[in-house]
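Report on the following structure.
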Amino acid sequence: MPRVGIRPKATFIVALTALTALTLSTAPAAAELWPQRPVRIVVPIAPGSSPDIAARVFAQHLAARWGSTVVVENRPGADGVTGTISFATAHDDHALLFTGAAPVSVYPLIQEKLPYDPARDILPVSIAVETFGTISVPASLPIKSLSDLISFARSRPGQLNWASGGGAFPILMAGFNKSAELGMSHVPYRDQNLALQDLAEGRIHVFATAMTAALPFVESGKIRVLAVTNNRRSGMWPDIPTTTESGYPNVAFDGLLGMFASRDTPHDRRERIAADIQAIAADQAVKRRLEANGQIIRGSTPAEFDAAIEDQRTRISAIVRLIGKAPQ
């Protein structure tokens, strides 16, 4: 009776087929290992703010893509530093940070010591949206442009003052004030809503902050926006020029809002989350929703976000060297 066997070549084919099947069956499983539980998105700004609204839009769509619960957790305080610290020190691989780039690109340059290391503890994942910055004056003043403001301030040395929201705005305005030789005094505020009310009443002469904060006062006709600090005009206010178009590119600064991950996050996971954010950003319904919130939808790779942050660091570093010390 002849012996029945499998030829060596057939054995190799069978083994290769089995290995291929095993690889294919385990690849999707490997991709699904994260998230394994609900994901927290820490927002270091108060609920209802422009960053919070954007974070919740992305959280909703990320939850649908991941088939997992995604919770937005607001941790406001200290101009975004409180929430950033809580995120950086948690070392939670199921937590993300949604914030402006200031805690990474601005604060390390103007605060002597931060309780976190931006280069080590917080990894850029993807730009989500771009918010608009504004430079405004009371509507009662005869100022229609940045050039008008400069002429007005120089003709009244020491008589005007300025204030600003947080983030990069104090640095940008201090740099503008010094480079244009305006001689305006800085008035610090803890509550920018109070500052905007004082601007509307003419007690403050110039104020720089996010568009969404200024919007109610603009719509009521109490303040006038002279320029946006971004490198492009706002779709909501297409007639208002940028600071660069107005002749002052040193005040240009894009208000980037994006997603960050903790320091131990694998590169592949960052790339995957970034790809999901880019896919959400391509959704026209999401685009319309956030444009109505005064934002430009973006989406980027981790490398692109990292490059944008580095550009911001360069810009802020140059202004800090010019003014010597950041306004408090």
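Distance from the C-alpha centroid of region 149-222 to that of region 97-143: 18 Å, rounded to the whole angstrom. For mean projected area of the Cα convex hull in nm², computed directly from the structure shown, the correct entry in (i) 19.8; (ii) 17.7; (iii) 21.6 is (iii). Amide H to amide H, with H built 1.01 Å from N, residue 40 comes under 5 Å of 71, 95, 96, counting only residues 5 or more places away or on other chains. Extending 7 Å from Cα along the Cβ direction at residue 179 and again at residue 36 yields two label points whose distance is 5.0 nm. Listed by chain and number, the lysines whose C-alpha is less than 20 Å from the C-alpha of residue 113, apart from same-chain residues fewer than 8 away, are 325.
Of the trypsin sites (Lys or Arg not before Pro) found in region 37-121, those in coil by DSSP whose Cβ has at most 10 other Cβ atoms within 10 Å are 113. The magnitude of the dipole of region 133-251, with charges of +1 and -1 set on the Cβ of Lys/Arg and Asp/Glu and taken from the Cα centre, is near 120 debye.
Each principal axis of region 133-251 carries a Cα extent, and these read 35, 30, 28 Å when sorted largest first. Ellipticity at 222 nm from helices only: DSSP H runs of n ≥ 4 in the chain, each -39500 (n - 2.57), divided by the residue count, give -13500 deg cm²/dmol. The label point for residue 193 and the one for residue 78, both projected 7 Å from the Cα toward the Cβ, are 2.3 nm apart.
If you take all other residues with their beta carbon under 14 Å from the beta carbon of residue 107, and give Lys and Arg +1 and Asp and Glu -1, the sum is -2. Here each label is just a point 7 Å from Cα along the line to Cβ, and for residue 292 and residue 145 those points are 3.5 nm apart.
When only Cα pairs below 8 angstrom with a gap of at least 6 residues are kept, region 133-251 shows a relative contact order of 38 percent. Axis angle, to the nearest 10 degrees, between helix 81-90 and the longest C-alpha principal axis of the chain: 20 degrees. Within the straight-line cut-off of under 23 Å between alpha carbons, the lysines reachable from residue 222 are 144, sequence neighbours fewer than 8 places apart in one chain being disregarded.
Other residues whose C-beta falls under 12 angstrom from the C-beta of residue 325 contribute a net charge of +1, scoring Lys and Arg +1 and Asp and Glu -1.
Counting only residues at least eight positions apart within a chain, or on another chain, the aspartates and glutamates with an alpha carbon under 17 Å from that of residue 178 are 148. Beta bridges assigned by DSSP with both partners in region 133-251 are antiparallel in approximately 60 percent of cases.
The Cα center of region 283-328 and the Cα center of region 223-249 differ in position by 16 Å. Of the DSSP beta bridges with both residues in the chain, give the percent that are antiparallel, rounding to the nearest 5. Taking every DSSP beta bridge within the chain, about 65 percent pair in antiparallel fashion.
No value in this document is a laboratory result; all are computed from the given coordinates. Quick caveat: nothing in here was measured; it's all calculated off a predicted structure. Glycine gets a Cβ as well: all are built from the backbone with ideal geometry, and neighbour counts include every protein chain shown.
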